[in-house]
1. Considering (1) more than 24 Å from Tyr41 (Cβ to Cβ); (2) surrounded by fewer than 17 Cβ atoms within 10 Å (Cβ to Cβ); (3) out of contact with any helix residue (DSSP H, G or I) (no Cβ under 9 Å at 6 or more places or on another chain), say which one Thr128 fails and leave the rest.
2. Which one of the conditions (1) loosely packed, with under 13 Cβ neighbours inside 10 Å; (2) touching a Lys or Arg at 6+ places or on another chain (Cβ under 9 Å) does Ser48 fail to meet, given that it meets all the rest?
3. Name the one entry in Leu5, Leu20, Leu14, Leu9 that is surrounded by 16 or more Cβ atoms within 10 Å (Cβ to Cβ), touching a Lys or Arg at 6+ places or on another chain (Cβ under 6 Å) and among the aliphatic types (A, V, I, L, M).
4. Look at the stretch 46-62 and say how many of its residues are under 16 Å from Ala124 (Cα atoms) and of a type in the set (D, E, K, R).
5. Return the residue satisfying two criteria in turn: it lies in the stretch 64-97 and is of a type in the set (Val, Ile, Thr) and farther than 19 Å from Leu14 by Cβ, and of such residues it is surrounded by the fewest Cβ atoms within 10 Å (Cβ to Cβ).
6. Name the single residue, out of those in the stretch 133-173 being closer than 23 Å to Ile64 by Cα and charged (D, E, K, R), that is surrounded by the fewest Cβ atoms within 10 Å (Cβ to Cβ).
7. Scan the stretch 2-54 for residues that are over 17 Å from the mean Cα position of the chain (by Cα) and among the β-branched types (Val, Ile, Thr) and jot them down.
8. Which of the residues spanning the stretch 105-131 are more than 15 Å from Leu66 (Cα to Cα), in a helix (DSSP H, G or I) and polar (S, T, N, Q)?
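Please treat every number below as a calculation from the coordinates, not as lab data. The structure presented is a predicted model; accordingly, all values stated were derived computationally and were not measured. Don't worry about glycine lacking a Cβ; one is built from the backbone with ideal geometry, like all the others, and counts go over all protein chains shown.
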Amino acid sequence: MDNVLQKYLPERALDLCLELIKQNNVHLKIVNERVTRHGDYRRMPNGSHQITVNASLNKYRFLITLVHEIAHLVAFEKYGRRIKPHGSEWKKTFQYLMLPFLRPEIFPSKLLPLLAKHFRNPKASSSTDANLSIALQKFDVLENDKIYVFELPHGSIFKIYNGKYFRKGNKKIKRYECIEIATGKVYLFQPNAQVELIKD
């Protein structure tokens, strides 16, 4: 496991992660990319704990996702299975487990203030924190034709990962209203959604 995880995590985070995995009896699977989620936690019928994390994540997002999923396991074990998946018990647990990692030896110094702000009240996904997500995505290996929704001119047409086409509309508080070309339905997009510009 040590050798495999080395490839996916910041070097100084490896021992801490291995300890968390061992302590909580986690069966970790690194899987091919799923567009809708970075990771997943499941309690298996035999009582073991399985966590999956996308192999395509950069090492900083991989670390956050791994600890996020272990926080689900720890919170369920400590507070019971009836708690909300991303409720206050999970938030407290995630903050506590993440604390030893929020150091300049593990994360680049420009990410640390954004992480500190995020972990005051962690969201169900780091992707919904637009500032943190954009900062984390700078460490991704991006396809050259991808840009963010917030960078598109108003009214431009773009395509998303599943091949659907949209026209960018107005910003509503934090997200953008975009109209699906085929159906005319309005969808809300996070500003940091990665899309392919078709026509501006």
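1. So the condition that Thr128 fails would be (1).
2. Just one mismatch for Ser48, condition (2).
3. Details: Leu5 fails: touching a Lys or Arg at 6+ places or on another chain (Cβ under 6 Å); Leu20 fails: touching a Lys or Arg at 6+ places or on another chain (Cβ under 6 Å); Leu14 fails: touching a Lys or Arg at 6+ places or on another chain (Cβ under 6 Å).
Within the list Leu5, Leu20, Leu14, Leu9, the selection yields Leu9.
4. Counting residues in the stretch 46-62 that are under 16 Å from Ala124 (Cα atoms) and of a type in the set (D, E, K, R) gives 1.
5. We begin by selecting, within the stretch 64-97, every residue of a type in the set (Val, Ile, Thr); these are 64-65, 67, 70, 74, 83, 93.
Then keep just the ones that are farther than 19 Å from Leu14 by Cβ; that gives 74, 83, 93.
Values: Val74: 22, Ile83: 16, Thr93: 24.
Going through the qualifying residues, I end up with Ile83.
6. Restricting to residues being closer than 23 Å to Ile64 by Cα and charged (D, E, K, R), the top hit is Glu143.
7. Hits for the stretch 2-54 are Val4, Ile21, Val26.
8. Thr128, Asn131
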